[in-house]
Amino acid sequence: MNTLAYTPFVDALAVHSIWYLLIIPMSIFLAIGYKAIRCSDLKKYPREVVIFTIQVLGGLGLLAIAFTIVIGVLLPMLAPMP
Amino acid sequence: MQSSSTTELNPLAGLVACVFPGAGHLVLGQRKRGMLAMVGVMGLFFFGLLIGGIDAIDSKENRVWFYGQMLVGPSTIVVDQIHQKHFKAYDLRTGALRNGYPGEHRVEDGSRAIWQPLTQAQIESGMGPPNLPGLGRLNEIAMLSIVLAGMLNLIVVIDALVPNPKHMPGWSGNQADDSAKGGA
């Protein structure tokens, strides 16, 4: 079998260098599905999807900053490498 | 007259929602909600497959992830069966059913498929295993995306099974007021 050609949905996509950007479409799809159920007035649906997406991405961004501080600053202070 | 503002169990909508994401809401007459829920769940599902390939669903090698992925419904089981039967083969040395490595190709040997090593000339001609598995972080993100689709679908199924009366077609705030007055 020839594997030179990339086959969508069969082969993995070679996007290792931008893996963190994959969070964005995931958050958008999650917001589309979740707000379809939770939104009481569908007229406000697009606005709520945008807000929810920003909340998810903002939360993940804050977590990333917090973990960077813990691993990059606090841990080296508490347990310095010899 | 019975008020539509009370929460009632709808087993048919719940069952249909288990078969295909969002279909339960179509049964309830909530066409737009059903379509949007389907876009959300199946969007996450196909996004995971696009990133990690068919290897993102594997009931044998990633069993715990597969339990979460199964919440999407029969689609996951169909993809897993295709993966197990058409992309995996037996390793003749260990007897294990596995994905192929570069430098191998899948050969039907009687009732089962086996991995056979390729010659240098065959490798240079472009032969190899039928799929390229996702590795490391990308594989994790792909599996996570499909598990998220499953978790989201669980919420969609519960909402179809026990529909919110405020979301039902023809519901208005006055109905809730009327039933409250009638019950008082």
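The values are calculated or read from the model by the stated rules, or taken from the named source; none is laboratory data. Only a predicted model underlies this, so the values are computations on that prediction, with no experimental measurement involved. Quick reminder, even Gly has a Cβ in these numbers, built from the backbone with ideal geometry, and neighbours come from all protein chains shown.
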Practice task
Answer with yes or no whether B:P163 is within 28 Å of the chain's Cα centre (by Cα) and either in a helix (DSSP H, G or I) or buried (at least 21 other Cβ atoms within 10 Å of the Cβ) (or both).
Solution key: yes
Practice task
Please list, ordered by first then second residue, the pairs with beta carbon atoms under 8 Å, 6 or more apart or interchain, first in region A:44-70 and in contact (Cβ under 8 Å) with a residue 12 or more places away in the chain, second of a type in the set (F, W, Y).
Solution key: A:F52/A:Y34
Practice task
Answer yes or no as to whether B:L15 is surrounded by 18 or more Cβ atoms within 10 Å (Cβ to Cβ) and at pLDDT 95 or above.
Solution key: no
Exercise for the section: Would you mind finding the one in B:G48, B:G53, B:G24 that is surrounded by 24 or more Cβ atoms within 10 Å (Cβ to Cβ), in contact (Cβ under 8 Å) with a residue 40 or more places away in the chain and facing another protein chain (nearest Cβ under 8 Å)? Expected result: B:G53
Practice task
Could you please give the count of residues in region A:12-59 that are farther than 20 Å from B:F45 by Cα, hydrophobic (A, V, I, L, M, F, W, C) and surrounded by 15 or more Cβ atoms within 10 Å (Cβ to Cβ)?
Solution key: 2
Exercise for the section: Give the residues of region A:10-62 that are modelled with pLDDT of 95 or more, aromatic (F, W, Y) and under 20 Å from B:G53 (Cα atoms), sorted by residue number. Expected result: A:F29
